[in-house]
Amino acid sequence: MLYQFYESQRALLAPFAEFASASSKLYSHPLSPFTHMPMAQRWAAGFDLAHRLAKEYEKPEFDIRSATVEGFEVAVQEQVTVEKPFCRLLRFKRFTDNAAVLDRMKTQPTVLVVAPLSGHHATLLRDTVKMLLRDHKVFITDWTDARMVPLDQGAFHLDDYVHYVQEFIRTIGRHVNVISVCQPTVPVLAAVSLMATAGEPTPPALVMMGGPIDARKSPTAVNNLAMNKSHDWFENNVIYRVPPNYPGAGRPVYPGFLQHTGFVAMNPDRHMNSHYDYFLDLVRGDEENAEAHRQFYDEYNAVLDMPAEYYLDTIRTVFQEFALVEGTWDVDGQRVRPHDITRSALLTIEGELDDISGAGQTRAAHELCTGIAKARKFHLDAAGAGHYGIFSGRRWREQVYPEVRRFIAQHTRGAAAGAGERAAHASRPAAEARRAHARRAAGRR
């Protein structure tokens, strides 16, 4: 009933939000006589803030129309490469009529950014994509709000997430590099491990940023909640069915509004101060800071519902059984063996002030990937960066991205240079196997 109650409350607040928006314009529009009344700016600011607190936040757009490549501005078009029930694989295709720049873009590395399915939309990584487009061909996973997926499309488990990642890697091609941000570090490591075990090519470079590879290390408030409550508690207290007014009616989900409540509850004072500062900025006429506030909260307040099966699988596998680090995780009956990865290079990144994935949780991937040579394993501690700072904002742009770019460039070149040698090396055992088969056949005759 909680989801239905929330929907009723949202419907009741919608007219008030529109009234507040109109009232704000009434006291701020230059042609309105109310603009010249005493305290008009404060009234306008108050109504504007009320509107933003009461309104519904839809999924934002990436809105990336151009990128700068070697000093030249090129056009960017968002394309859907693969569309599946719970995710779209997007490509940000770059265009230019400058032949020299076009030739350079064709030789740049390809990157798949695996966005988190953990409450916010993939557009949270807009800044990540913008920077990557300068030096890379970029794809990203755009996860679908579960309330928009009809029930007849079936369930979506953590194993399905792993299979989606594998399919996307195969679709893009063997030379794609993979960047996983936060939650997907675990299923991405599982996907690549299973591909390595099966003898498939694995990405030349793996970048894992701020994820719970080993949630036992430096546990945060998020980790403690997941570890201290039973699996049944989560199933009985945070899982609800989608109301009838959505395409996914009847689907069990972890609702986005509950997740948003949890996000805010982690730092309530910070959010209250931010909204008060926004009010003061409007009163002072500081439109630059006010717009920065709007852009941040337009993204932060836009949340999606997660499939219940996937969420509960993640709680149990990642935060309660620690199945990846314990070596007990099976995906469709196949054991996940990170030590089978040998051909990929690994870069892990952690934020010094990360209060979601604690220190050492992402770096734990190095202890699991023992098949990767030590010279191909790297780690970066982003000084002064919180969780979001490692993939968005000034620290991402100035401190983290240069290292990511250098790492991918180095190991993509190495992979290309060694491709012929590996192919020749791989052909020798195959030829020997064919000769052995011929000898056995001759013996039977």
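The values are calculated or read from the model by the stated rules, or taken from the named source; none is laboratory data. Owing to the predicted nature of the structure, the values given are computational and were not obtained by experimental measurement. All Cβ positions, even for glycine, are placed from backbone atoms using ideal geometry, and neighbour counts span all protein chains on display.
Would you say Asn177 is surrounded by fewer than 22 Cβ atoms within 10 Å (Cβ to Cβ), in the same structural domain as Asp127 (by TED's automatic domain parsing) and among the polar types (S, T, N, Q)? Answer is no for this residue.
Name the one entry in Thr110, Thr123, Thr171, Thr128 that is within 28 Å of Asp355 (Cβ to Cβ), touching a residue at least 40 places away in the same chain (Cβ under 8 Å), β-branched (Val, Ile, Thr) and surrounded by fewer than 24 Cβ atoms within 10 Å (Cβ to Cβ). Before you say what the answer is, go through the steps one by one.
Details: Thr110 fails: within 28 Å of Asp355 (Cβ to Cβ); Thr171 fails: within 28 Å of Asp355 (Cβ to Cβ); Thr128 fails: surrounded by fewer than 24 Cβ atoms within 10 Å (Cβ to Cβ).
Going through Thr110, Thr123, Thr171, Thr128 in turn, just one is within 28 Å of Asp355 (Cβ to Cβ), touching a residue at least 40 places away in the same chain (Cβ under 8 Å), β-branched (Val, Ile, Thr) and surrounded by fewer than 24 Cβ atoms within 10 Å (Cβ to Cβ): Thr123.
The set of residues in the range 279-292 that are part of a helix (DSSP H, G or I), closer than 12 Å to Ala45 by Cβ and not acidic (Asp, Glu) comprises Phe279, Leu280, Leu282, Val283, Arg284, Ala290. The set of residues in the range 307-334 being in contact (Cβ under 8 Å) with a residue 60 or more places away in the chain and over 23 Å from the mean Cα position of the chain (by Cα) consists of Asp332, Gln334.
Between Asp48, Asp63, the distinction of being loosely packed, with under 11 Cβ neighbours inside 10 Å and in contact with a helix residue (DSSP H, G or I) (Cβ under 8 Å, 6 or more places away or on another chain) belongs to Asp63 only. Scanning the range 66-100 for residues that are aliphatic (A, V, I, L, M), under 23 Å from Gln153 (Cβ atoms) and buried (at least 16 other Cβ atoms within 10 Å of the Cβ) yields a total of 3.
Per-residue answers, yes or no, for (1) surrounded by 16 or more Cβ atoms within 10 Å (Cβ to Cβ); (2) aliphatic (A, V, I, L, M); (3) modelled with pLDDT under 50; (4) under 30 Å from Arg216 (Cβ atoms):
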| residue | (1), (2), (3), (4) |
| --- | --- |
| Arg376 | yes, no, no, yes |
| Gly384 | no, no, no, yes |
| Tyr401 | yes, no, no, yes |
| His411 | yes, no, no, yes |
| Ala415 | yes, yes, no, no |
| Glu421 | no, no, yes, no |
| His437 | no, no, yes, no |
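When the criteria are applied in full, Gly327 fails the requirement of being at pLDDT below 95 and surrounded by fewer than 18 Cβ atoms within 10 Å (Cβ to Cβ). Scan (1) assigned to a helix (DSSP H, G or I); (2) at pLDDT 90 or above; (3) among the aromatic types (Phe, Trp, Tyr) for the single condition Phe263 breaks and write down its number. In the conditions (1) assigned to a helix (DSSP H, G or I); (2) at pLDDT 90 or above; (3) among the aromatic types (Phe, Trp, Tyr), Phe263 misses (2) alone.
Step by step: first the residues of the range 348-364, then only those that are of a type in the set (Gly, Ala, Ser), touching a helix residue (DSSP H, G or I) at 6+ places or on another chain (Cβ under 9 Å) and within 26 Å of Arg394 (Cβ to Cβ), then the one that is surrounded by the fewest Cβ atoms within 10 Å (Cβ to Cβ). Which residue is that?
First, the residues of the range 348-364 that are of a type in the set (Gly, Ala, Ser): 351, 357-360, 364.
Okay, now just the ones that are also touching a helix residue (DSSP H, G or I) at 6+ places or on another chain (Cβ under 9 Å), so 351, 357-358, 364.
Right, trim to within 26 Å of Arg394 (Cβ to Cβ) and you get 351, 357-358.
Values: Gly351: 27, Ser357: 27, Gly358: 21.
Out of the qualifying residues, it is Gly358.
Among the residues of the range 203-222, is there at least one that is β-branched (Val, Ile, Thr) and at pLDDT below 95? Yes, because at least one residue in the range 203-222 is β-branched (Val, Ile, Thr) and at pLDDT below 95. Residues in the range 26-43 include none that are surrounded by fewer than 13 Cβ atoms within 10 Å (Cβ to Cβ), in the same structural domain as Val178 (by TED's automatic domain parsing), of a type outside the set (D, E, K, R) and modelled with pLDDT of 90 or more.
Please go through the range 308-357 and pick out each residue that is in contact with a Pro (Cβ under 6 Å, 6 or more places away or on another chain), part of a loop (DSSP other than H, G, I, E, B) and under 26 Å from Lys229 (Cβ atoms). Matches in the range 308-357: Ser357 only.
Does Asp381 satisfy being outside any helix (DSSP H, G or I) and either among the β-branched types (Val, Ile, Thr) or within 19 Å of the chain's Cα centre (by Cα) (or both)? Criteria not met by Asp381. Among the residues examined, Leu31 does not qualify as under 30 Å from Gly250 (Cα atoms) and among the hydrophobic types (A, V, I, L, M, F, W, C). Within the range 263-277, does at least one residue satisfy the condition of being of a type in the set (Asp, Glu) and in the same structural domain as Gly389 (by TED's automatic domain parsing)? No, the range 263-277 contains no residue that is of a type in the set (Asp, Glu) and in the same structural domain as Gly389 (by TED's automatic domain parsing).
Among the residues of the range 235-247, the ones that are assigned to a loop (DSSP other than H, G, I, E, B) and out of contact with any Asp or Glu (no Cβ under 8 Å at 6 or more places or on another chain) come to 5 in all. Only one residue in Val101, Val82, Val74 is in a helix (DSSP H, G or I), touching a strand residue (DSSP E or B) at 6+ places or on another chain (Cβ under 9 Å) and touching a residue at least 12 places away in the same chain (Cβ under 8 Å), so which one is that? Within the list Val101, Val82, Val74, the selection yields Val101.
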